[in-house]
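The values are calculated or read from the model by the stated rules, or taken from the named source; none is laboratory data. Just so you know, these numbers come straight off a predicted model, no measurement behind them. For neighbour counting, all protein chains shown are included, and Cβ atoms are generated from backbone atoms with ideal geometry for every residue, glycine included. SASA here: full protein model, heavy atoms, side chains in, ligands and nucleic acids out. Shrake-Rupley method; radii C 1.70, N 1.55, O 1.52, S 1.80 Å.
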Amino acid sequence: MSYYDSTATGYSELHYTEQMHKLRLIRDNVRIKSGVRILDIGCGPCWSSELFENVTGIDPCAELLKLSKNKNVRVARAEELPFADGSFDLLLCVSAIHHFDCDAALSEMKRVGTSGARFVITVLKKAKKCSSIIKRIKSEFVVENEIDEEKDIILVCH
């Protein structure tokens, strides 16, 4: 049993307010057109669907996905996204990339993004590999905006 499986029952109490704050910052700082297809990678309970339309969420923890009000979620890993090339217009990854094989996850994100896709990736400042993850993201994408949030660096990229 993973950490997230064992803490799923209290996950909302621990993380909802903080994660919704980050998602609101994204909503308020990223122009998102109506009708875009959004993939939330490492979505947990997929709270992004409370603020955005047309969200598909993936997370490796089935117990967290059971908490989601969004029924368009599935168990999957960021390193092996179960979608066709060019499936999404906007990809979100909020406070989760430090759990992934960064190179494989970024490669998969690029693969499932459309040619004009935007990527919003937040990196937890206290993550051991924070600076190397940010450096890797900046080597793969053009950063449009960098928001220094209290606990995360939010990178808006294309």
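In region 80-138, the qualifying residues are those that are farther than 13 Å from Asp40 by Cα and hydroxyl-bearing (Ser, Thr, Tyr), and the one that is least open to solvent (accessible area, probe 1.4 Å) is Thr114.
Residues in region 7-42 that are among the small types (Gly, Ala, Ser) and part of a loop (DSSP other than H, G, I, E, B): how many? Selection size over region 7-42: 3. Any residue at all in region 77-88 that is touching a residue at least 12 places away in the same chain (Cβ under 8 Å) and in contact with a Cys (Cβ under 8 Å, 6 or more places away or on another chain)? Within region 77-88, one or more residues are touching a residue at least 12 places away in the same chain (Cβ under 8 Å) and in contact with a Cys (Cβ under 8 Å, 6 or more places away or on another chain). Selection of helices (runs of 4 or more DSSP H) fully inside region 43-157 by the criterion of at least 1 residues being under 19 Å from Gln19 (Cβ atoms) and under 13 Å from the mean Cα position of the chain (by Cα) returns 102-112. For Arg31, the conditions (1) open to solvent by 50 Å² or more (accessible area, probe 1.4 Å); (2) under 19 Å from Ile97 (Cα atoms); (3) at pLDDT below 95 are fulfilled apart from (2). Looking across region 115-158, the residues that are within 23 Å of Leu81 (Cα to Cα) and touching a residue at least 60 places away in the same chain (Cβ under 8 Å) come down to Arg118, Val120, Thr122, Ile154, Val156.
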